[in-house]
Amino acid sequence: MATKKSKSAKIKYTALVATSIDGRIAEGARSGTDWTSAEDWKYFQSVLSKSDAVIAGFNTYKVAEAGLKKRNTIVLTSKADKLKSQGSVIFLNPKKSNLKNFLQSKNYKNVAIVGGALVYNFCLENKIMDEIFVTIEPYIFTNGVPMFAGAKFKKHQFILVSAKKLNKKGTFLLRYKRKEMYGN
């Protein structure tokens with residue numbers, strides 16, 4: 001009986017987003033995160049070290065490949081016809097494979113979501129995002145990749161759990177949980 005319970009244990013999905021004040025996560029699809037603070041990087045690494053797996057989009061994976069290929073990483077890409085494995089990295093097309101079933105089959109407990117915008121949106125729409133940590137850096141980009149890239153308008157409600165100032169420059173870390181988790 002205990003075996004059944006551990007196999008069906010709920011996975012905790014945590015999205016990690018670094019954004020400008022105007023909600024941009026990058027200048028372009030293959031832009032890096034060299035504009036984020038050292039404090040954000042330290043926090044990001046601490047969460048990843050506690051995660052069993054990481055979900056990333058293809059462009060995010062290419063930008064951070066050196067670090068992500070050392071982890072259990074699931075790269076969401078429309079280019080994969082079937083699951084493709086390269087070491088600890090799995091390339092998966094979410095339109096052709098069930099991401100939730102795949103993650104549950106691996107018995108992961110904590111999964112980090114690191115972007116980009118289409119991945120954040122896919123996870124949000126498919127309830128693969130229990131909480132989201134948003135680091136707001138004190139920049140305005142005026143253009144670039146938005147935090148979420150949905151095809152149509154849909155409202156999702158989250159509750160602010162905490163807010164913390166990370167440095168004197170004005171970087172903030174906000175933690176939100178999906179409203180349904182509170183039973184409201």
Kirkwood Rh in Å, taken over all unlike Cα pairs in the chain: 17.0
Estimated vicinal HN-Hα couplings, Hz - region 25-32 in sequence order (Karplus 6.51, -1.76, 1.60; Gly, Pro = x): 9, 6, 6, x, 4, 10, 6, x
Compactness of region 41-104, expressed as Rg and Dmax over alpha-carbon positions, Å: 11.7, 36
Computed helical MRE - 222 nm, the chain, DSSP H runs ≥ 4 contributing -39500 (n - 2.57), nearest 500: -6000 deg cm²/dmol
Acute angle (nearest 10 degrees) that the helix 38-49 long axis makes with the longest principal axis of the chain, alpha-carbon atoms: 10
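Values quoted throughout were computed directly from the atomic coordinates according to the rules given, and no laboratory measurement underlies them. Just so it is clear, the structure is predicted and the values come from calculations on it, not from any experiment.
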